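Below is one structure, written out as structure tokens; the observations come after it.
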Amino acid sequence: MAAGLMNQTIAFHTFGCKVNQYETEELRTQLRIGGFSVVPMESPADVYVINSCSVTAGADSSCRQMVRKVLRERPSARIVVTGCYAERAPEELRDLSKRVEVYGNREKPMIAVALGVPTACVQAAANSGVTALADRSRAYLKIQDGCDAKCTYCIIPSVRSELICRPPELLVREMQALVAHGYREIVLTGVRLGRYQWRNVTFTILLRSLLDLPGEFRVRLSSIEVTEIPDAVVGWAADDPKLCPFFHIPLQSGDDSVLKRMGRWYTAVDYRDRIGWIRNRAPDVALSADVIVGFAGEEETHFQKTMQLLDEEGFSRVHAFRYSIRPGTSAERLRGHVDPRVKSERTRRMVRLDADLRRRYAARFLDKAVIVLQESDGSGYSERYVRIRTGSAYREGTLQRVVPRSQAADGSLVV
């Protein structure tokens with residue numbers, strides 16, 4: 001611990017994805033080991049660290065609002081902004097105030113040292129990995145970073161372009177530490193999870209080594225592309241209780257012409273075929289998807305194909321994103337941008353479909369035993385990511401075997 005930092009306080013705010021959330025925890029660990037006391041974002045602090053997202057223009061705007069708020073309310077504090085917005089447009093953030101210190105994704109390892117933490121403390125944090133996450137029932141384990149896809153709507157390859165995988169021996173140690181600290185669900189995260197490759201260790205080999213570790217825990221996969229799900233992993237989701245039978249598989253559109261304009265590398269038939277194979281191998285698996293509504297050139301028939309695919313393939317939930325033009329992407333130059341009112345109306349229909357899919361899928365598990373990760377609000381999620389209202393009888397963060405007997409109006413199940 002650095003003696004000069006023992007009385008300094010620091011607060012964090014994270015925008016965006018699970019990878020960003022994990023990286024905030026890395027910073028938090030480094031700075032705590034270095035002598036900082038971590039306080040809530042709403043509290044007075046010597047330093048405020050904002051980990052930004054830049055997936056949409058709205059994400060950029062939210063970050064700027066947060067920075068302005070801290071500048072206004074904490075006139076003597078240091079303000080550090082990092083993340084994808086800081087990587088994409090550092091000068092936009094520096095223009096907000098001379099007090100704003102900007103570090104892109106590639107510069108995140110420099111932040112702790114820049115704040116006065118000795119290099120030895122940073123190295124100690126790197127060796128131990130992330131072993132605790134603030135205010136969370138589940139833990140995240142980042143195995144991979146970066147994406148080299150050419151999706152026309154996406155800014156991520158320009159801010160996380162390099163495919164970087166973490167050494168498997170480090171990941172095993174970090175996983176063991178998380179389990180030892182009491183985490184019972186660990187979510188594997190990465191920008192392109194299925195692209196993990198460290199020398200001769202593939203994603204399949206890594207996952208098997210993690211599942212084979214001793215202890216009471218389960219592993220959940222974050223988003224994984226439809227073309228990057230190994231057959232063996234599907235089999236484990238069906239047969240191994242340590243792997244949650246849940247796949248979040250981005251779709252984006254169910255129409256081939258829209259998929260082509262998006263720069264996606266599969267067709268709707270390709271997607272359906274793989275989903276069918278997964279269903280055949282793991283019949284009760286939960287399937288979730290991302291969908292972009294109102295992309296340039298999307299017509300009503302295209303949108304209906306997307307709705308039809310999700311309905312017919314029996315998805316358990318859908319994350320609907322209303323398309324907005326992202327400056328700096330090639331989709332910005334496409335013709336046929338959809339009227340905002342039409343996009344809003346289609347998004348409402350997709351949200352209604354999502355609610356219906358969740359309700360139908362959850363109902364399949366009435367009067368059946370499920371394993372729930374208890375959260376702080378008297379509910380939790382089952383292994384298939386169905387919301388279960390358990391009441392307050394169980395301790396947060398524990399795995400509980402329960403039998404839901406009824407279904408609430410919002411689609412969740414009630415014990």
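The values are calculated or read from the model by the stated rules, or taken from the named source; none is laboratory data. Everything quoted here is computed from the prediction, not taken from an experiment. Heads up, the Cβs are rebuilt from the backbone with ideal geometry, glycines too, and the neighbour counts pull from every protein chain shown. These accessible areas exclude ligands, DNA and RNA; they are computed on the full protein's heavy atoms, side chains included. Shrake-Rupley method; radii C 1.70, N 1.55, O 1.52, S 1.80 Å.
Rounded to a whole number of µm²/s, how large is the Stokes-Einstein D of the chain at 37 °C and 0.692 mPa s, given Rh as the Kirkwood radius over C-alpha pairs?
Estimated via Stokes-Einstein, D reaches 144 µm²/s.
Over all directions, the average projected area of the alpha-carbon convex hull for the stretch 1-158 comes to how many nm²?
So the Cα hull casts an average projection of 9.5 nm².
State the dimensionless ratio Rg/Rh of the stretch 215-318 (Rg: radius of gyration of Cα atoms; Rh: Kirkwood radius).
Across the stretch 215-318, the Cα-based Rg/Rh ratio is 1.01.
Carbon and sulfur: what percent of the chain's accessible surface (1.4 Å probe)?
On the chain, the fraction of accessible area on carbon and sulfur atoms equals 51 percent.
Treating each Cα of the stretch 300-409 as an identical point scatterer and ignoring solvent, apply the Debye formula and state log10 I(q)/I(0) at q = 0.17, 0.18, 0.23 Å⁻¹.
Result of the Debye calculation: -0.86, -0.91, -1.20.
Might you tell me the accessible area per residue for the chain, computed with a 1.4 Å probe and given in Å²?
43
Under 4.7 Å Cβ to Cβ, no partner at all: give me those cysteines from the chain, in residue order.
Lone cysteines by the Cβ rule: CYS17, CYS53, CYS63, CYS84, CYS121, CYS147, CYS165, CYS244.
In percent, what relative contact order does the stretch 117-274 have, based on Cα pairs under 8 Å that are 6 or more apart in sequence?
Once normalised by length, the contact order is 21 percent.
Could you check the simple spin-label distance between ALA393 and ASP377, using points 7 Å along Cα→Cβ, in nm with one decimal?
So the label points at ALA393 and ASP377 sit 2.2 nm apart.
Can you compute the charge dipole magnitude of the chain about its Cα centre, using +1 on each Lys and Arg Cβ and -1 on each Asp and Glu Cβ, nothing else charged? Give it in debye, rounded to the nearest 20.
Using Cβ point charges on Lys, Arg, Asp and Glu, the chain gives about 460 debye.
Find how many whole Å separate the alpha carbon centroid of the stretch 271-332 from the alpha carbon centroid of the stretch 221-247.
Centre-to-centre (Cα) distance: 19 Å.
Calculated FRET efficiency, VAL403 and LYS98, Cβ-Cβ r, R0 51 Å, to nearest 0.05?
FRET efficiency, VAL403 to LYS98: 0.30.
What ³J(HN,Hα) values, in whole Hz, does the Karplus curve 6.51 cos²θ - 1.76 cosθ + 1.60 give for the stretch 138-150 when θ = phi - 60°, with x put for Gly and Pro?
Couplings: 10, 10, 10, 10, 7, 9, 8, 9, x, 8, 10, 5, 10 Hz.
Let's test this: bin the Cα-Cα distances of the stretch 271-359 at 10 Å from zero up to the farthest pair and state each bin's percent.
Spelled out per bin, shortest first, that is 16, 43, 29, 12, 1.
Quickly estimate the mean residue ellipticity at 222 nm for the chain, helices only: each DSSP H run with n ≥ 4 gives -39500 (n - 2.57), and the total goes over all residues, rounded to 500.
About -11000 deg cm²/dmol.
In the P(r) worked out for the stretch 158-276, what percent of Cα pairs fall beyond 19 Å?
Taking all Cα-Cα pairs of the stretch 158-276, the fraction more than 19 Å apart is 53 percent.
Given the chain, what percent of its DSSP beta bridges are antiparallel, to the nearest 5?
30
Once the principal axes of the Cα atoms of the stretch 344-403 are found, what is the range along each, listed largest first in whole angstroms?
42, 23, 16
Highest mean first, how do 355-368, 397-410 rank when packing is the count of other Cβ atoms within 10 Å averaged over residues?
Going from most to least packed, we get 355-368, 397-410.
What's the local net charge at ARG166, with K and R +1, D and E -1, over the other residues with C-beta under 9 Å away?
Around ARG166, the surrounding residues sum to -1.
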